[in-house]
Amino acid sequence: MILRDVVAVHADVDRVARRLHVLHAPRLHCRRGCSDCCVDDLTVFDVEADLIRLHHAELLATGVPHADGACAFLDPEGACAAYEHRPYVCRTQGLPLRWMEERDGHDVELRDICPLNEEGRPVETLPADECWTLGPIEERLARAQLEASSSPRRTRLRDLFAWRPPPEE
């Protein structure tokens, strides 16, 4: 049941992200092989890691992760080897982002966008509904994680691979 919840979250993310991709198409330079945002040491809730484990067992058992410094799931051409089952964070890369932080006792809205996609209207001037809002999806995934386990445990994507480099001599 939990994996179905994660699939539903991903479907909701894809629906909203698709609208934002269409809206911002002229400024988005994200394409297959663009992997500037695909950095190493990304972590995901175990419920998302379980989805990858389920659908990519052979890759995880026998595949060699991409070299350190970039996401372990990048193939030699810079495409994602687990694209269909990629985690939430990967589904919103490149979009204008907004989130709230508390600073000096006040909530402050912050915004950011991939430097490759900065051209165009400044993200600070976009209406809120033209940005991906961080927070609500993370909360849904955290609830699914706590339902599956009492631990809010996260897993590094690289650690999903069974392959390990040979020890140095």
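Values in this text are rule-based calculations from the coordinates and carry no lab data. Being a predicted model, the structure only gives us computed values, none of them experimental. Note that each Cβ is placed from the backbone with ideal geometry, even for glycine, and that neighbours are counted across all protein chains shown.
Give the shape of the range 96-141 as rounded, prolate or oblate, defined through the alpha-carbon gyration tensor: a ≥ b ≥ c are the square roots of its eigenvalues, a/c under 1.5 means rounded, and otherwise the shape is prolate if a/b is larger than b/c and oblate if not. Mind showing how you got there, number by number?
Details: a/c = 2.19, a/b = 1.38, b/c = 1.58.
Oblate.
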Task: Exposure proxy order (Cβ contacts within 10 Å, fewest to most) of TRP163, TRP99 - done: TRP163, TRP99
Open item on the list: Connecting C-alpha atoms closer than 10 Å in a GNM of the chain, tell me which of GLU102, GLU118, GLU147 has the biggest fluctuation.
Closed with: GLU102
Open item on the list: If I build a Gaussian network model for the chain, linking alpha-carbon pairs within less than 10 angstrom, which residue out of ASP41, ASP107, ASP75 has the largest mean-square fluctuation?
Closed with: ASP107
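Using the count of nearby Cβ atoms within 10 Å as a rough guide to exposure, how do TYR88, TYR83 rank from fewest to most?
Working: TYR88 20, TYR83 12.
In order of increasing Cβ crowding within 10 Å: TYR83, TYR88.
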Open item on the list: For a quick check: sort THR62, THR92 by the number of other beta carbons within 10 angstrom, fewest at the front.
Closed with: THR62, THR92
Task: Among (1) 12.4; (2) 13.5; (3) 10.2, the entry that matches mean projected area of the Cα convex hull in nm² as calculated here - done: (1)
Open item on the list: I need the phi-derived Karplus couplings for the range 78-92: 6.51 cos²θ - 1.76 cosθ + 1.60, θ = phi - 60°, integer Hz, Gly and Pro marked x.
Closed with: x, 9, 7, 6, 10, 3, 4, 10, 4, x, 3, 4, 6, 7, 10
- [ ] Once you've got the GNM for the chain with C-alpha springs shorter than 10 Å, pick whichever of GLY105, GLY78, GLY69 has the biggest mean-square fluctuation.
- [x] GLY105
